[in-house]
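> First the structure, which I've put down as structure tokens, then a few questions once you've had a look.
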Amino acid sequence: MISSSAPVRQGPLRGSLAAMIGEGLSLPTGLVTIAILTRVLGPVGYGRFSVAATLVVTLEWLLVAIFARVTVKFVAEADDWQPVAATSFRAYAFSGTALGATLWLLADWIADLLGDPLMSGLLRLFALEIPIFAAAAASRNVLVGLASYWEQALVAASRWLGRMTLIALFVYIGWSVTGAILGSIGGALIAWLLGQAFVGRASWGRADFPYRQLLGLAVPAFLLMLSVRLFDRVGLLMLKALGDSDVEVGYYGATQNLAMIAGIVAMTTTPILISTLTAAHRNGDTARAREAASNSIRAALGVLPFAAIVAGSSEEVVGLLFGETFIEAAPLAAWMMLVAETLIVISVATALLIARGRLWRTVWLTAPLLPVSILAHALLIPKYGAAGAAGVTAVTGALAAAACVLTAIMVWGLRLPVGTLFRSLILTVVAYMAASAWPAPGLLLFLEGAVLSLLVLAGYVLSGELSRNELARIRAMLVAEWRRVRSSQG
């Protein structure tokens, strides 16, 4: 159980490092899970699992969109955090139970809409995960608000490792898609139990923090995230409903998970940014808050060349991860790397807006994106199939990212990072061309990725994007954190 004393905040870099160690496990464990499921279930079976998982993850994401960032903000601001934790836990629990029950009741109707009668039972089973996920999310966001970053990282790590292990076990003993769903539920349950152990009795204490205050910021946050984040989920569902090939659905679902993993990592690190910026404003440290906000936007744009490395190697990536039966999905994987980058940029920009409590302007600006995306999918999927869905998703994401970043820059009074954007675009083109020209089958792909990533980092240093002071600060932070972890183990 964590201490009731005020947290000692150590900045977004250190918090993000802890989050990346924990939530970063979503990348290797997610890739291993995908590799197992695509090989055991095949395109059709994996497509069915992907559709069910997308529906459930979307509902779980709605809970995150409503409560996660505002919970972090109010916990970070509070002199007494326990009433905020209790109110947040109840809000999560009630909403998660309601969403799970709704999916259970609508399972037959959704299965008929998708033209797949087998989907009904899978959705009812998967619905059990939603309230469990909600309870775990409440604990994790309280931990982030308290700057208990390593505890939050342990909760995240427990979920991903437990999920991978249980899915692999249940699928290999022959439980097929049902086993994959049970493994996912088991991972959420492990995370909830560990998170509850860290937060302790605060979840069950007095809920004196007013729900009205929580919802006052949660409503615009939810509407904003609804506009700018559902674009990456609606494509698979519309492809299932409007497409004429279950195999294409499997291809799209597999490559979409590459982008979703990046989105999961971004959604984990951005609450830490909210916590840090909120605390800095509360303490009157405006200069530190603006510097952190500016560096966060630069970092989000700086990821683009690394996404280009994967896009340029999409055929090798698909062959290694999903097997030769999925090789035709390689062009979709390239599109999805652009989607992954937009997810990161959107998460950072919305975190900056939430930290300042300035959301309604962006809500109105981005509101047309979702209906436009749905209309574009309806027009292009019947003609172009999965390729049309991927193109619409990528373009919509780029528009949403641009709108959010420009609004965040105006709200915070920052300069547009033109230099960072220019350097990132140049390195992106070079990285994509190099990855495309370098054939790296099998495990040689990891060597290619490592070499090109180091070259991208060198390009940023040589071009002046990373100053000597910034490099020294990052090096000192990593060394200090390594020593801290070693001393705690000793």
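Coordinate-derived values only; no laboratory data. As the structure is a prediction and not an experimental result, all values here were calculated from the model. All Cβ positions, glycine included, derive from the backbone under ideal geometry; neighbour counts span all protein chains shown.
> For segment 11-489, compute Rh as the Kirkwood radius over C-alpha pairs and then the Stokes-Einstein diffusion coefficient at 37 °C and 0.692 mPa s; write the answer in µm²/s, rounded to an integer.
145
> Sticking with this one: At 0.36 nm per residue, minus the direct Cα-Cα distance, what do MET410 and TRP360 gain on full extension? Give it in nm, one decimal, please.
Result for the pair: 16.6 nm of gain on full extension.
> Something else about it: Apply the Karplus curve 6.51 cos²θ - 1.76 cosθ + 1.60, θ = phi - 60°, to the phi angles in segment 39-50 and return the couplings in whole Hz, x for Gly and Pro.
Each residue's phi maps through the Karplus curve to give 6, 7, 8, x, x, 5, x, 5, x, 5, 4, 5 Hz.
> Take each of the peptides 104-112, 164-172, average the number of other beta-carbon atoms within 10 Å over its residues, and list them starting from the highest.
Values: 104-112: 15.0, 164-172: 19.2.
Result, highest mean Cβ count within 10 Å first: 164-172, 104-112.
> Could I ask something else about it? Can you tell me the order of 72-84, 48-60, 414-426 when each peptide is scored by its average per-residue count of other Cβ atoms within 10 angstrom, highest first?
Per-residue Cβ counts within 10 Å, averaged per peptide and sorted highest first, yield 48-60, 72-84, 414-426.
> Then there's this: Could I have the simple spin-label model distance between TYR384 and GLU77, label points 7 Å from Cα toward Cβ, reported in nm to one decimal?
4.4
> Where does each of GLU129, GLU341 land when they are ranked from fewest to most other beta-carbon atoms within 10 angstrom?
Fewest to most other Cβ atoms nearby, the residues stand as GLU129, GLU341.
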